[in-house]
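The values are calculated or read from the model by the stated rules, or taken from the named source; none is laboratory data. Everything numeric in this text was worked out from a predicted model, so none of it was measured. Here the Cβ positions follow ideal geometry from the backbone for every residue, glycine too, while neighbour counts run over all protein chains shown.
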């Protein structure tokens, strides 16, 4: 990226999606760009308005001091975006967190041709190859039904934004078991419903939710940090890509259902985007970069961390 063009981003920040580890830009004094969905989710969760916010839609291009920025669907959660940055000298793509297969709540991200690619590497290790999503959906539905038949309460401990809504949708489509949700997940799901992601669930703190809890036949969806007090024996489950290798001792089931691309998807994305340089970040950045160099013949290395040289010098 041209160093002069890079300097404009001290005053302009682009937020890829609403997960907390990607929203620090909303606290900056810069002009903040995100999709309407990302901004709405952030403001709802944090109960505050974001000043100096600017909206950018998927497939929309804006120009800043001679640099064109286009947002594209990232397939990760509602409103998630990749950013294509076109300068007079080259095109840079930042994927943010991406998912390259369709899910019940998102459409797959597509690879974007570029000169420089900055790509996530959360599952950038060859051991992380996920099963077909339909297979995982069937296993989740079967496990849930079996727990209810055994008079246990299936409890899903998940990320409240994205994964929770996918689980609610899954249980709504493939079972007849009512879903009760923690109040934070209810709040986020209502935002998702504003944008067409509608599935039936019941807030645990409402009259209807309490009636479902008292009835004894339900599934409960809660954030990973919350410990629910429920009227009966509990079976806990997590849904995460890490389940390929790790299963917490506190749960009875772990399903490799992820909102991220697995290793194969990441490599396929790089091949399709045809960059001359790849920078990996977030997760197994060293492993992914090494694989791309040795197995794919792609010039790749991890992006510099905070405290190292500025990105414009690194590139």
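A few points about this structure:
- Odd one out for residue 77, checked against (1) surrounded by 14 or more Cβ atoms within 10 Å (Cβ to Cβ); (2) touching a residue at least 24 places away in the same chain (Cβ under 8 Å); (3) out of contact with any helix residue (DSSP H, G or I) (no Cβ under 6 Å at 6 or more places or on another chain); (4) over 30 Å from residue 182 (Cβ atoms): (4)
- Count of residues meeting criterion [part of a loop (DSSP other than H, G, I, E, B) and out of contact with any strand residue (DSSP E or B) (no Cβ under 9 Å at 6 or more places or on another chain)] in the stretch 9-22: 1
- Condition met for residue 212 (surrounded by fewer than 19 Cβ atoms within 10 Å (Cβ to Cβ) and over 17 Å from the mean Cα position of the chain (by Cα)): no
- Taken over the stretch 228-242, the residue count meeting the criterion of being surrounded by fewer than 17 Cβ atoms within 10 Å (Cβ to Cβ) and assigned to a loop (DSSP other than H, G, I, E, B) is 5.
- Scanning the stretch 80-92 for residues that are farther than 18 Å from residue 32 by Cα and touching a residue at least 24 places away in the same chain (Cβ under 8 Å) yields a count of 6.
- Restricting 95, 70 to residues that are surrounded by 24 or more Cβ atoms within 10 Å (Cβ to Cβ), touching a residue at least 12 places away in the same chain (Cβ under 8 Å) and in contact with a strand residue (DSSP E or B) (Cβ under 9 Å, 6 or more places away or on another chain) narrows the list to 95.
- Boolean, residue 245 is surrounded by fewer than 20 Cβ atoms within 10 Å (Cβ to Cβ), in contact (Cβ under 8 Å) with a residue 40 or more places away in the chain, within 24 Å of the chain's Cα centre (by Cα) and more than 17 Å from residue 152 (Cβ to Cβ): yes
- For residue 297, the stated conditions hold: it is farther than 27 Å from residue 104 by Cα and surrounded by fewer than 22 Cβ atoms within 10 Å (Cβ to Cβ).
- Sole exception among (1) touching a helix residue (DSSP H, G or I) at 6+ places or on another chain (Cβ under 9 Å); (2) closer than 22 Å to residue 248 by Cα; (3) loosely packed, with under 13 Cβ neighbours inside 10 Å for residue 225, by number: (1)
- Wholly enclosed helices (runs of 4 or more DSSP H) of the stretch 106-222 bearing at least 2 residues in contact with a strand residue (DSSP E or B) (Cβ under 7 Å, 6 or more places away or on another chain) and closer than 20 Å to residue 259 by Cβ: 133-149, 163-174, 183-194
- So residue 70, is it in contact with a helix residue (DSSP H, G or I) (Cβ under 7 Å, 6 or more places away or on another chain), at pLDDT 95 or above and in the same structural domain as residue 268 (by TED's automatic domain parsing): no
- Those residues of the stretch 26-49 which are in contact with a strand residue (DSSP E or B) (Cβ under 6 Å, 6 or more places away or on another chain), over 14 Å from residue 16 (Cβ atoms) and in a loop (DSSP other than H, G, I, E, B), in sequence order: 28, 30
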